[in-house]
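Student: Mind looking over this structure? Questions follow.
All of the numbers you see were taken from the coordinates with simple rules; none came from a lab. Just so you know, these numbers come straight off a predicted model, no measurement behind them. Virtual Cβ from ideal backbone geometry, glycine too; neighbours counted across all protein chains shown.
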Amino acid sequence: MYSHGQAIQSQFLRIQYLWIDQPHSTETVSIRTAVTVSRKLFKKAHDRNFIKRRLKEAWRLQQSEVKLNVPENKQLQLLILFTGKTLPDFQTLSEALKIIISKLPFPGPHNNDQSSE
């Protein structure tokens with residue numbers, strides 16, 4: 001994903017994403033997601049796990065909006081990295097994730113029409 005994917009950065013989140021073609025695929029998953037927190041920034045596992053749990057919950061609440069925009073023949077692979085240096089509260093994390101998700105470019109004919117406007 002690092003070598004072929006693209007990234008979007010916000011204040012304390014970074015999303016690496018990659019669109020994969022799925023012609024005639026039997027896999028029904030349209031989005032695959034991973035969440036990670038740096039061990040360099042958070043030495044204690046319980047702090048990393050705390051942030052990951054909050055990120056996963058924020059993603060769970062917002063993923064339905066993203067799924068609506070994923071074409072049937074594509075799969076979106078996401079890697080959500082927390083790059084902040086302090087423990088965030090859920091509201092701040094959720095808002096940051098919403099902003100960064102809104103910047104994701106979606107393939108398909110509906111985006112081509114919007115880009116020409």
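Student: Between Ser38 and Thr92, what is 0.36 nm times their sequence separation minus the Cα-Cα distance? Round to one decimal in nm.
Tutor: Full-extension gain reported as 17.6 nm.
Student: Defining a contact as two alpha carbons under 8 Å apart and six or more residues distant in sequence, what relative contact order in percent does the chain show?
Tutor: 38 percent
Student: Under a crude label model (7 Å from the Cα following the beta-carbon direction), how far is Ser64 from Ile99 in nanometres?
Tutor: 2.5 nm
Student: State the number of lysine pairs found in the chain whose Cα atoms come within less than 19 Å, restricting to pairs 8 or more positions apart or on distinct chains.
Tutor: Qualifying lysine pairs in the chain: 16.
Student: List Leu68, Leu78, Leu61 from most exposed to least, where exposure is judged by having the fewest other Cβ atoms within 10 Å.
Tutor: Sorted ascending by nearby Cβ count, the order is Leu68, Leu61, Leu78.
Student: Let me ask something additional. Work out, step by step, the length gained on full extension between Asp47 and Ile31: first 0.36 nm times the residue separation, then minus their alpha carbon distance; give nm to one decimal.
Tutor: Result for the pair: 3.1 nm of gain on full extension.
Student: Right, something else. Please determine, in degrees from 0 to 90 and to the nearest 10, the orientation of helix 45-67 with respect to the longest principal axis defined by the Cα atoms of the chain, where the helix direction is its Cα long axis.
Tutor: Long axis of 45-67 versus the principal axis of the chain: about 20 degrees.
Student: For the chain, give me the percentage of DSSP beta bridges that are antiparallel, rounded to the nearest 5 percent.
Tutor: If we restrict to bridges inside the chain, about 65 percent are antiparallel.
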